[in-house]
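Written out below as structure tokens is the structure these notes cover.
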Amino acid sequence: MPGDWDASYLFVTLVMPRHEKGAMPPKNKGESLTEKEIRTVAEWIHEGAKIDGEKGKPGPENWHPDRLLKFKDGRVVTEQFGEAPKVKKVEAKWEIWSNKEGKKITARFHGLVKDKVDFELKNGKRVSYPLEQLSAESQARIQGLIDSPVMMSEDD
């Protein structure tokens, strides 16, 4: 919605908690934008969101993101609803995972990218393993971790 960054679907999806449906980028599919990048998107929308030479009506000066867009601990804070709820961040724990052949490894789960599981081995090495080659039990646990609103540590 050109001119109205606070009502823009693009803006809303960029600042919503990553575990929410529709959040951009989706959980385990890339890094969240920085405060500076979010502010740049809000300013672009406020200025009329020029695309391919066409520009919408700019927003009113008293609604400029510099005046209203506030952050605390990397999260957008809204005056109307108060501070956004914090999502508990936990470090990935060491777990035993098995594949369909019954072979087991001890590893930390760090995400799922394009149907490949990102594991950290005890030696510190990160490996990608095809999800469909894991046992049904391991696949179910991974799905549970993906669906959980609890976020893993910042470096994930």
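Values in this text are rule-based calculations from the coordinates and carry no lab data. No experiment lies behind these values; they were computed from the predicted model shown. In this analysis, Cβ positions are derived from the backbone assuming ideal geometry, glycine residues included, and neighbour counts consider all displayed protein chains.
Could you check how many percent of all C-alpha pairs in the range 5-83 are farther apart than 14 Å? If you can, show how the numbers build up before the last one.
Details: 1965 of 3081 pairs.
The share of Cα pairs beyond 14 Å in the range 5-83 comes to 64 percent.
The H on the amide N of Lys116, modeled in the peptide plane, is under 5 Å from the matching H of Leu131, each at least 5 residues off or on a different chain.
If I take R0 = 41 Å and measure r between the Cβ atoms of Lys122 and Asp147 in this structure, what FRET efficiency does the formula 1/(1 + (r/R0)^6) give, to the nearest 0.05?
Numbers: r = 26 Å, r/R0 = 0.64.
After rounding, the FRET efficiency stands at 0.95.
Neighbours of Asp147, meaning other residues whose beta-carbon lies under 14 angstrom from its beta-carbon, give a summed charge of +3 when Lys and Arg score +1 and Asp and Glu score -1.
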